[in-house]
Structure formats: C-alpha cells, structure tokens
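Heads up: the structure comes next, in structure tokens.
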Amino acid sequence: MRYFPKIIGERIYLSPINADDAEIYTKWLNDPAVADHLGQYRNAITLATEKKALENMVSGGQNYAIVLKDGDELLGNISLMEVEHIHRRATLGLFIGEAGRRGKGYGTEAIRLILGYGFNTLNLHNIMLTVHADNPQGLACYKKVGFTEIGRRRGARIKDGKQIDLIYMDILSTEFGG
C-alpha cells in the first residue's frame with residue numbers, strides 16, 4: 001500500500017507523505033502555476049533535492065499527502081508547520097499539483113480536515129498562513145473555510161518584475177465550524 005489514510009474526508013483523505021513520490025512532486029514544483037504561489041518560481045527543483053526535502057518531511061512534523069479516495073490518486077500536500085504547542089499555534093501550507101484537479105474543492109476539503117485535526121487533536125488555537133495577493137483562487141478558498149486577513153506585507157514578492165503583496169491570514173479554534 002502506498003498511502004495510509006490518517007484523516008478521512010468525503011472525497012479525499014490525508015496520508016503521511018511518501019518519499020517515493022519525489023518524481024511527481026518534482027514535476028509539480030517545476031510547474032510555474034504551482035511554483036509561483038509557493039514562492040518557488042525562481043528555483044529549479046531537481047529530483048535529488050526533492051527526494052531530500054520529502055525525506056525531511058517524512059521524518060517529522062504534520063505533513064500529509066492529499067489523496068483522492070477513488071483510485072488513491074495523489075493530488076498534492078498539506079502541512080501544519082512551525083507547530084508550537086505551548087502557544088498553541090501553527091502555520092498552514094498546501095498545494096494541489098495537477099492542473100486538472102484544481103478548482104474542484106479538494107483544497108477546501110483538505111484544509112477543513114487539517115484544521116479539524118489541528119484544533120481538535122493537536123489542541124491548537126491559532127493557525128496562520130500567507131498567500132500571494134495575485135492568487136485569487138487561494139484567497140477565495142481560505143476565506144471560504146473561515147480564514148481572516150490579519151495583515152499585508154506590501155510589495156514583499158517580486159514576480160516577473162512586478163511587486164506582489166503577501167497577505168497574512170489566520171483562523172482561531174473558536175471560529176472554526178468544522
């Protein structure tokens with residue numbers, strides 16, 4: 001078995017990341033549509049560097065593959081990073097890798113699953129993320145699940161000669177409706 005359902009939703013489940021998926025992650029992270037919104041647009045991601053990155057993700061933290069229940073297809077990943085149990089906070093990151101799978105609600109479902117896990121199982125209180133202002137699809141998704149804009153770092157990213165704002169958003173356990 002390649003994936004192991006840990007957090008189960010309606011159409012997807014979250015599984016511990018499999019380091020053997022380095023090739024597909026390398027493909028995705030070199031896709032400008034994915035790389036741009038992850039701040040990786042200037043980096044060439046090699047198979048060797050991605051294998052190492054996945055091995056690091058596998059060895060610790062709250063890093064999950066997003067897997068479609070029907071056919072066990074890998075869609076992307078989602079993570080709670082910088083988890084601080086004393087302060088009960090973490091930072092969220094995710095992406096859907098295949099272009100044909102974006103805009104279908106998988107990211108929204110994955111976020112709801114990881115938020116439920118973070119708030120109810122890990123006992124977190126605040127989960128934050130950053131999103132580029134030129135990512136309207138990401139912004140809409142985050143707002144849909146209850147994230148609120150808490151700040152903006154103006155002109156913090158440069159893409160193709162344009163300065164892009166970096167938007168900070170968060171959600172509290174008391175605001176999460178499941």
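Each value in this text was obtained by applying a stated rule to the coordinates, not by laboratory testing. Remember, predicted model here, so these are calculated numbers, not experimental data. Positions of Cβ are backbone-derived with ideal geometry, glycine not excepted, and every protein chain shown enters the neighbour counts.
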Size of electric dipole in region 7-172: Cβ of Lys, Arg +1 and of Asp, Glu -1, about Cα centre, debye, nearest 20: 600 debye
Using only alpha carbon pairs under 8 Å that are at least six residues apart, calculate the relative contact order of the chain and give it in whole percent. 18 percent
Mind listing the long-range amide H neighbours of R152? Cut-off is under 5 Å, sequence gap 5 or more, other chains count too, H placed in the peptide plane at 1.01 Å from N. Y168
Cross-link pairs K6/K159; K69/K162; K6/K144 - those with Cα-Cα distance over 32 Å: K6/K159; K69/K162
Along the positive direction of the dipole of the chain (beta-carbon charges: Lys, Arg +1; Asp, Glu -1; about the Cα centre), which of Y13, Q137, N123 reaches farthest? Q137
What does the extension gain come out to for E10 and E149, with contour length at 0.36 nm per residue minus their alpha carbon separation? 47.3 nm
In terms of the ratio Rg/(2.2 N^0.38 Å) built on C-alpha atoms, what value belongs to the chain? 1.00
